[in-house]
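Notes follow once the structure below has been shown.
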Amino acid sequence: MGTPTARPATLDDVARTAGVSRATASRVLGGYGFASAGARARVSAAAEHLGYVPDTTARALVRGAGVRLVVAVVGRDDSVFDDPYVHRVVSAASRVCAPHGVGVALEWLPLGDPSGLIRLGADRGVHGVILVNTTQAALDAVPARLHGRVASIGRGSATVPSFDVDNAAGAGAVLRHLYSTGRRRIVMVTGPRWLTCAERSVTAYRELMGAVGAPERLVTGDFTAARGGAAALEALHRWPDVDGFYAASDATAFGVIAALRGHGLRVPHDVAVAGFDDLPYAAVSSPALTTATHPVDRIAAAAASAVLAQAPVPPETAFGSTLVARESA
């Protein structure tokens, strides 16, 4: 038979050893409420002597603080879990939350039914929520219980602060670069048209095309390489004279480049291609991708910090985006 191990010390053990009530021991160890200096000293000494390790999860639940931050992503289906962008948001939020003993969970909010937010608002284990791919319907569904502990990466509202990249400025910089290199028949492969924040780059494209008298050529994308490739072939069929592509994401741009090559076209000699995000692979792809920066980690960290602090923040916080010119355009 193995030697039985001693059971972990409990809060009741600490209280009994210190000669105080369980409630007093809880207040001292939890750092809240009143306790005399003598009681604090005895409880601290008892906890150290017994090797007491507090149950941080139970403590957080009792105090109503919650033990996890939920990244709630709006999407047509649960394939949003595969999006590298979402992975970056979760990773950055986790780095912010870990020192505070708060975990990070990921949930899908169906595009047509964001009512899961009501459940999250009623869940005592939820410290707060970060919305991603935010729609007006999702903002409307945020319950009052979440006000003050919810932030959006994307569009916001009077009760939900917004943290996002200035993608209109980034898109404008990329498009002006394409135009300055002599491209005049530029196709834009957009993000999902239901995503309101993605429309800012569409507006930037339309404004530039209108200003220079160039034709508008829009093809709907979904931020994936697969759809980027399909969109490129669709564009070539509709506009055989295309000489430039602006893709709303780097992944989309990679798909565009692959499709152009498969069609016998050289990048950038025949057709220039530019994206948006400046993913690590963009610098080492062949050709290296011209793009604009998207500081996802900083954005997600700021949103997570705001939710953890539960303190007032500006209604909108925009992060800059700058051109990164490389070989593809």
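The values are calculated or read from the model by the stated rules, or taken from the named source; none is laboratory data. Source: prediction; values computed, not measured. Cβ coordinates were reconstructed from backbone atoms using ideal geometry, including for glycine residues, and neighbour counts include every protein chain displayed.
A few notes on this one:
- Within region 13-32, if we keep just the residues that are part of a helix (DSSP H, G or I) and among the aliphatic types (A, V, I, L, M), the residue that is nearest to the chain's Cα centre (by Cα) turns out to be Leu29.
For every residue, the table says whether it meets (1) more than 30 Å from Met209 (Cα to Cα); (2) under 19 Å from the mean Cα position of the chain (by Cα); (3) among the polar types (S, T, N, Q).
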site: Ile118; (1), (2), (3): yes, no, no
site: Val129; (1), (2), (3): yes, yes, no
site: Val132; (1), (2), (3): no, yes, no
site: Asp140; (1), (2), (3): yes, no, no
site: Pro143; (1), (2), (3): yes, no, no
site: Gly148; (1), (2), (3): yes, yes, no
site: Asn167; (1), (2), (3): no, yes, yes
site: Gly182; (1), (2), (3): no, no, no
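- Number of positions in region 81-107 that are surrounded by fewer than 17 Cβ atoms within 10 Å (Cβ to Cβ) and basic (Lys, Arg): 1
- Consider region 33-49 and keep the residues that are part of a loop (DSSP other than H, G, I, E, B) and surrounded by 10 or more Cβ atoms within 10 Å (Cβ to Cβ). The one that is modelled with the highest pLDDT is Ser36.
- Once region 184-201 is narrowed to residues that are more than 23 Å from the chain's Cα centre (by Cα) and not charged (D, E, K, R), the residue that is farthest from Gly154 (Cα to Cα) is Ile186.
- Each residue in region 272-329 was checked for being closer than 15 Å to Thr181 by Cβ and of a type in the set (D, E, K, R), and 2 pass.
- Residue within region 202-224 that is acidic (Asp, Glu) and more than 17 Å from Gly154 (Cβ to Cβ) present: yes
- From the options Pro4, Pro54, residue that is at pLDDT below 85 and surrounded by 12 or more Cβ atoms within 10 Å (Cβ to Cβ): Pro54
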